[in-house]
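Participant: Can you keep this structure in mind? I'll have questions shortly.
The values are calculated or read from the model by the stated rules, or taken from the named source; none is laboratory data. Quick caveat, the model's predicted, so the values are computed rather than measured. Positions of Cβ are backbone-derived with ideal geometry, glycine not excepted, and every protein chain shown enters the neighbour counts. Side chains included, ligands, DNA and RNA excluded: accessible areas come from the protein's heavy atoms. Shrake-Rupley method; radii C 1.70, N 1.55, O 1.52, S 1.80 Å.
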Amino acid sequence: MRCVTTGVVAALLVVAGFAFAPLQARAEQKSPLKSIFSLDAGRKYFSEDQLKQIIDRAYTDGYTDVQLILGNDGLRFLLDDMSLTVNGTTYTSDDVKAAIKAGNDVYHKDANGNALTQAEMDRIVAYAKAKGVGIVPLINSPGHMDAVLIAMEQLGLQNVRFAKNGETSKRTVDITNKEAVDFVYALLQKYVEYFQGAGNSTYFNFGADEFANDVFGNPGWSFIQRSGVYRNFVEYVNHVSGIIKAAGMQPVCFNDGIYYNRNTSFGTFDKALVVSYWTSGWFGFNVAKPEFLAEQGLRILNTNDAWYWVLGRIDNGGYKFTNAVANLSKRKFTDVTGARGPIDIVGSMQCVWCDEPGNAYDPDRIFQLMDGFKAAYADHMLKPADYTAVDEALAKIPADLSSYTTDSANRVVAARDAVVRGMRSDNQKTVDGYATAIENAVADLVKLANYTAVDQAMARIPADLSVYTDETAQALHAARDSVVRDLPASQQAQVDAMAAALNNAVDGLVKKDSGSEKKDPSSGKEESGSEKKDPRSGKTGAPIGKQRKKAIPSTASKPLSQLPKTADASLVAAGSALGCGIIACAMSGFLAGTKKRRSSRS
């Protein structure tokens, strides 16, 4: 990041009469511009929850991405597997982690934490991805590597620091030391692969700014050009750019070291670079101007330092809060510092730095800056997507889908459930696609045939079919199993035929015993059966156990007056009188015999 002396030098130059107001870049843009909020989470430790708060506000305010500066003097994010193999030497994961944590503590022992874990970063990236906010990771090198240089020395590497006339840099690696550079390449490769796999990063920023500024006061670009080491810097930048491109991301670095002093004699920088243009330089610090970089085929990310704030500096010091707020109304979104004409940009980035990591986290002021950026540059910030067409399509879905075929109803449900709320204007096409999918699914709904007759026929089937003959039961099984559900209304005749087949099969059921009575399965009534032969008589008649003797009508107890008035009535009366006479005679003979027997005994 930016030397603390930048503001002082700039102030002196203004007094001396140098004009520093940047010209506006008015080139027409061919694609939507990035709007990025950047947070220095390398010098100062920020927790998972704090970073999620930043992501929440970035989403609400319409930023496309959040840049998480994870390596900048400190290295505040450690992967689960930090093992490295460099030039035949293997450094174990635990050793690398312990060395980096020790380096963080030497740089600044943060009471809030040392480094984020991979599990925490997994959740942070997933959280941002769910909100449609991209993550731009930044691991700075070859400068701003304080903690990593300490770790390299603890792991046994020698002469890893840039030195000049016996003065050794605390933060910049010696880019002429192949062993040290290869270690840094291997370390960066780990982080590039992680963010490639996380799948929420278009850009990967590797910094490449302020070379050995602790040794030179100003960044040491002019010195390494005079010494020829600048050629090593060009090779370094291009190698790291290649690592990032191979992972499918776009390489980003800061502008101050790229073609410093417009010098192209040391080689050509990779044209895939996106240059994060933050400073146009000052007296004695001759960075290449935006137009020159554009002429070399490099793209520009407008990182105007007029928007910078260093956490904790409210109304004094370089990059103070009051200036950052005021400059929101003084700069346009496309204003690139130092530009003298139209410059195409890929977007603009607002930055909060933590040069003094002991200063407390100040979310209120951070959010004030973010909200101010949104208000000042509303035309360039993402808006909530328009869900009007989606809501209109949802209103057309029938309240009851049970009267439609399963397949067509399921397509409607799938289209309805696919809707993701809360998207922003960069995903308007996706939202419009939801509406189209719902409309098409509703239009393709197929009305279901009426199965009422089938259901009624099914209800007639006896619970126990074992009491019926196999033939009739199997016929019913076949009729029942032939029922095909979910047919469309266009096949109503087929459904009605199923119901008729079921009813016929139920009506044709026959009990296994073929007895005198057959039960009507649909009514429960008994029907007359065939007669059975009596085994005792050999005669055919009523079934055994159910035969009854016919009662002979009696007239003896009836008075004559009640006898039938028929032609034979006199015969009946005569018969009755004759019967009475016979009984009387019998009784008379019986009494006479009894008297004679008594007399003889006496």
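Participant: Once each part is reduced to its C-alpha centroid, what is the distance from the range 300-375 to the range 405-462 in angstrom?
Facilitator: The distance from the Cα centre of the range 300-375 to that of the range 405-462 comes to 50 Å.
Participant: Got a number for carbon plus sulfur as a percent of the range 137-189's accessible area, 1.4 Å probe? Don't jump to the answer; show the numbers that get you there.
Facilitator: Working: 810 of 1940 Å².
For the range 137-189, the apolar C and S fraction of the accessible surface comes to 42 percent.
Participant: Bin width 10 Å, alpha-carbon pairs only: give the P(r) of the range 414-469 as whole percents, running from 0 to the bin holding the largest distance.
Facilitator: The calculated distribution, bin by bin, is 18, 24, 15, 14, 15, 10, 4, 0.
Participant: Still on this structure, I have one more. Return the long-range amide H neighbours of TYR203 (sequence gap of 5 or more, or a different chain), with a cut-off of under 5 Å between placed amide H atoms.
Facilitator: Residues meeting the amide H criterion: GLN250.
Participant: Additional query: Provide the per-residue ³J(HN,Hα) series for the range 498-508, in order, calculated from phi with Karplus coefficients 6.51, -1.76, 1.60 and θ = phi - 60°, each as a whole number of Hz, with x at glycine and proline positions.
Facilitator: Per-residue couplings from phi come out as 4, 4, 4, 5, 5, 4, 4, 5, 5, 5, x Hz.
Participant: Return the FRET efficiency for the residue pair ALA463, LEU401: r is the Cβ-Cβ distance, R0 is 35 Å, and the value is rounded to the nearest 0.05. Write down the numbers at each step before the final one.
Facilitator: Values: r = 32 Å, r/R0 = 0.91.
Efficiency, from the Cβ-Cβ distance: 0.65.
Participant: Further question on the same structure: Assuming 0.36 nm per residue, please report the length gained on full extension of the stretch ASP315 to ALA246 beyond their Cα-Cα distance. Please list the in-between numbers first.
Facilitator: Details: separation 69, 0.36 × 69 = 24.84 nm, distance 4.44 nm.
Gain on extension, ASP315 to ALA246, equals 20.4 nm.
Participant: Given LYS129/LYS178; LYS52/LYS374; LYS52/LYS289; LYS109/LYS320; LYS44/LYS289, which pairs have Cα atoms separated by over 27 Å? Intermediate values should be presented prior to the final figure.
Facilitator: On the way: LYS129/LYS178 38 Å; LYS52/LYS374 18 Å; LYS52/LYS289 36 Å; LYS109/LYS320 24 Å; LYS44/LYS289 31 Å.
Flagged as over cut-off: LYS129/LYS178; LYS52/LYS289; LYS44/LYS289.
Participant: Okay, next question. Only bridges whose two residues both fall in the range 259-381 count here: according to DSSP, what percent of them are antiparallel, nearest 5? Write out the running numbers ahead of the final one.
Facilitator: Working: 1 of 10 bridges.
Approximately 10 percent, going by the DSSP bridge assignments.
Participant: Kirkwood Rh, the range 254-358, all Cα pairs: how many Å? Kindly include the intermediate steps, with their values, before the conclusion.
Facilitator: Working: mean 1/r = 0.0684 Å⁻¹.
Kirkwood radius, the range 254-358: 14.6 Å.
Participant: Determine ³J(HN,Hα), in whole Hz, for all residues of the range 418-431 in sequence, where each value follows from phi through the Karplus function 6.51 cos²θ - 1.76 cosθ + 1.60 and θ = phi - 60°; x replaces Gly and Pro.
Facilitator: 6, 5, 10, 7, x, 6, 10, 4, 6, 10, 4, 4, 5, 5
Participant: What is the extension gain from PHE292 to THR90, computed as 0.36 nm multiplied by their sequence separation minus the C-alpha to C-alpha distance, in nm to one decimal? Spell out each step's value before the answer.
Facilitator: Numbers: separation 202, 0.36 × 202 = 72.72 nm, distance 4.31 nm.
Between PHE292 and THR90, full extension yields 68.4 nm more.
Participant: Within the range 367-391, whose backbone N sits under 17 Å from a point 7 Å along Cα→Cβ of GLN428?
Facilitator: 378-391
Participant: Taking the simple approach of a point 7 Å from Cα along Cα-to-Cβ for both ALA111 and ASP486, what is their distance in nm?
Facilitator: My value for the distance between the label points is 6.5 nm.
Participant: Starting from 0.36 nm per residue, how many nanometres of slack lie between ASN261 and ASP391 once their C-alpha separation is accounted for? Intermediate results must be reported in sequence, preceding the final value.
Facilitator: Numbers: separation 130, 0.36 × 130 = 46.80 nm, distance 5.72 nm.
Difference between extended and current length: 41.1 nm.
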